[in-house]
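Here's the structure, in structure tokens; my notes come after.
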Amino acid sequence: MTDRMDINQEVDNRFYNLLIGLSNAQEVAGVEVEGKVKAEQSEQFNARRNLLRIEKLAKRDMELNKRSEENFVESVRDKISAAVCERVELRLEDLEELYSKQLGIHEGLPELLDTLSVKATSIAKLEPLVAQISWLATDLLKLVNTPKYRKTDRLGRVVVVENLRIALSFLGIENLKMVIPSMVFRRAIPQITDPYPVFKAKIWEHAIGSAVSCQRIATLSKVDPGHAFILGMFHEFGKLIITKLYFKTFDEVHREALIEAHDDQKRDEHSALLKIGPTSDVLLSLMWKHSISLSSRIISHMGMRRVFIANAMEEFALKTPWGKMSPIAKVLLQGNGYSKYNMLKRYKLISTDEAKAFLKSLHMAATTVLALQGTDLRSLNLTMDDE
């Protein structure tokens, strides 16, 4: 462990980089990749080391010119990055735009989630609320007709479900408490994140891992598991928004700069602009700075009256001390942390000693860790009625 970071910062640093790509996280964690030859062990390195002095002198001017060009490209990249950050941060002020356009949250979703959380709810009460969110109704019908869940009649023929109420009844209220929030989050994941295509899979892996972890911890902590699941799933809304805004804004700023350089006949700058693209450092910096507080603002903006998670999300965002945290905020802290640990462990990015120190920092009891170790964090674990 480095002196400059405590265990929580180190885990966060590796996790954030894992969202961008495994190689990024391996570099941050100092992991030596099997089959990857170190520079000082390579033939190319030995060849360079054995260059005659006259060859080095002959290359000196070429290297200086190349370095000068690289410095110019870097200065243009910094200029673009600064403009992108400034524009993104301005856009973060329009919460309604972020809520309805970037995440695409339907105005009827909060009422649906509130109704779903009531103990006395019924399929009859849920049906009209689901029906008004057309994409959700369509996706639920698709789900029950997939090979994994579809039913067959006595003759073994596939029964195609075309009625929403039947589909909701087939899934059942307890399953819908997981399925609906999951579908909402998954639909909000950005579709294009090049040059970091793994982000889509990694953020989903973390969201479902956090949600299932929170749900499991909640059952051990006498906290509402349905509320805990929603909180675990929605607590990373901010990262989705930041990612969408970053790529969209980069394209805008980059395009505007190219047009300006072309119109002003700035050939060197135009050439430099063609060499730059989105950078992970800027994206991760924006996430690190804004994503958690943004998630808190979004969840509060939802205005749910029966799903009590807004205050817990705010506590998590403000890094409220453990002793002052509400029970459900503690669940989120542990569920989020365990999901990160689990992902880092899966990709061999955390040592045994680091893992022990990190889990200890989360105040996790041995029985809780044991329960999570026996839980599948990569699926919803739906329980379907065979009747």
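Some points to look at:
- Test for LEU143: is it touching a residue at least 24 places away in the same chain (Cβ under 8 Å), over 26 Å from ALA310 (Cα atoms) and either open to solvent by less than 30 Å² (accessible area, probe 1.4 Å) or in a helix (DSSP H, G or I) (or both): yes
Residues are listed down the side, and each one gets a yes or a no for (1) farther than 18 Å from GLU174 by Cα; (2) open to solvent by 10 Å² or more (accessible area, probe 1.4 Å):
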position: VAL198; (1), (2): yes, yes
position: GLU205; (1), (2): yes, yes
position: HIS227; (1), (2): no, yes
position: HIS235; (1), (2): yes, no
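- Whichever residue in the stretch 146-156 is over 27 Å from HIS106 (Cα atoms) and in a loop (DSSP other than H, G, I, E, B) and, among such residues, is most open to solvent (accessible area, probe 1.4 Å): ARG154
- Residues satisfying the stated conditions in the stretch 292-304, i.e. assigned to a helix (DSSP H, G or I) and open to solvent by less than 40 Å² (accessible area, probe 1.4 Å): ILE292, LEU294, SER295, SER296, ILE298, ILE299, MET302
- When restricted to residues that are in contact (Cβ under 8 Å) with a residue 40 or more places away in the chain and open to solvent by less than 40 Å² (accessible area, probe 1.4 Å), the stretch 362-381 contains 7.
- For the stretch 315-353, the set of residues classified as open to solvent by 40 Å² or more (accessible area, probe 1.4 Å) and either closer than 30 Å to GLU96 by Cα or touching a strand residue (DSSP E or B) at 6+ places or on another chain (Cβ under 6 Å) (or both) consists of LEU318, LYS319, PRO327, LYS330, LEU333, listed by residue number.
- The single residue among VAL160, VAL130 that is open to solvent by 90 Å² or more (accessible area, probe 1.4 Å), within 27 Å of ASN381 (Cβ to Cβ) and hydrophobic (A, V, I, L, M, F, W, C) turns out to be VAL160.
- The set of residues in the stretch 87-123 that are β-branched (Val, Ile, Thr), over 17 Å from GLY303 (Cα atoms) and within 22 Å of the chain's Cα centre (by Cα) contains only VAL88.
- Scanning the stretch 305-314 for residues that are of a type outside the set (Val, Ile, Thr) and surrounded by 20 or more Cβ atoms within 10 Å (Cβ to Cβ) yields a count of 2.
- Residue within the stretch 185-195 that is within 27 Å of the chain's Cα centre (by Cα), at pLDDT below 95 and crowded, with 19+ Cβ neighbours inside 10 Å present: yes
- Restricting attention to the stretch 163-184 and to residues that are part of a helix (DSSP H, G or I) and of a type in the set (Gly, Ala, Ser), the residue that is most open to solvent (accessible area, probe 1.4 Å) turns out to be SER169.
Quick grid of which residues meet (1) within 30 Å of ARG255 (Cβ to Cβ); (2) touching a Gly at 6+ places or on another chain (Cβ under 7 Å); (3) in a loop (DSSP other than H, G, I, E, B); (4) at pLDDT below 95:
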residue: ALA83; (1), (2), (3), (4): yes, no, no, no
residue: GLU86; (1), (2), (3), (4): yes, no, no, no
residue: PRO110; (1), (2), (3), (4): no, yes, no, no
residue: LEU113; (1), (2), (3), (4): no, no, no, no
residue: GLU127; (1), (2), (3), (4): no, no, no, no
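- Members of the stretch 243-278 found to be farther than 29 Å from GLN102 by Cβ, loosely packed, with under 14 Cβ neighbours inside 10 Å, among the charged types (D, E, K, R) and free of Cβ contacts under 8 Å to residues at least 40 places away in the same chain, listed by number: ASP263, ASP264, ARG267
The values are calculated or read from the model by the stated rules, or taken from the named source; none is laboratory data. Note that the coordinates shown come from a computational prediction; the quantities given were computed from them, not determined experimentally. FYI the Cβ positions are ideal-geometry reconstructions off the backbone, even for glycines, and counts take in every protein chain you see. Accessible surface areas use protein heavy atoms only, side chains included; no ligands, DNA or RNA. Shrake-Rupley method; radii C 1.70, N 1.55, O 1.52, S 1.80 Å.
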